[in-house]
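The values are calculated or read from the model by the stated rules, or taken from the named source; none is laboratory data. Keep in mind the model is a prediction, meaning the values are calculated, not measured. Cβ: placed from backbone, ideal geometry, glycine included. Neighbour counts: every protein chain shown. Just the protein is used for accessible areas: all its heavy atoms, side chains included, with ligands, DNA and RNA removed. Shrake-Rupley method; radii C 1.70, N 1.55, O 1.52, S 1.80 Å.
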Amino acid sequence: NGNTLCLTSQSAIEVDRNGKTVWKVDGLSSAYRVQRLPNGNTLIAERGRSRVIEYDRNKNLVWTFTKVKSPDSAQRLPDGRLLVSGSGGVYLFDNAGNQLWRFPSGQCTAAYQ
C-alpha cells in the first residue's frame, strides 16, 4: 500500500505516503524490530520487556512470546516459524513455540532469513 512502518523505542508507527500517521501503538519498552505480517498484524521485538508481541490492525495485543531474553529482532517466516535474536544467540521456533535451532552468539544483534 506504499505505507511505511517505523519504530521509536516506545512506539510503532505506520505512516502513509504523505507522512500522515495511519496506525500507532504507544507504550513499548525499547522496541527494536517491527514486521507487518501477511494477515495485517504487526510483530514487534520489545527488548525492554523481553518479549516478542503481535498487534492486530485495531491495536489489540493478540500474541506474546517470552522465550528469548532481551530480543533484538524477530521475524515471522512464511511457514509460520519464528526467528529471534536476543541474549544468548539466535533462535528458531516452530508454530507451537518449541525451539528447533539455536546459534549461540553474543555478537548477533539481528537475524533474518
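Grab the other residues whose beta carbon is less than 13 angstrom from that of Asn98, score K and R as +1, D and E as -1, and report the net. Neighbour charge sum, excluding Asn98 itself: +2.
Taking the protein heavy atoms of the chain in the context of the full set of protein chains, the accessible area attributed to carbon and sulfur is 44 percent at 1.4 Å. Each Lys or Arg adds one and each Asp or Glu takes one away; over the other residues whose Cβ falls under 12 Å from the Cβ of Ser85, this sums to +3. Think of a 1.4 Å ball rolled over the protein heavy atoms: region 12-113 then has 54 Å² of accessible area per residue.
The accessible-area ordering, largest first, of the residues Phe93, Phe103 stands as Phe103, Phe93, per a 1.4 angstrom probe.
Residues Ile53, Ile13 ordered from highest to lowest accessible area at a 1.4 Å probe: Ile13, Ile53.
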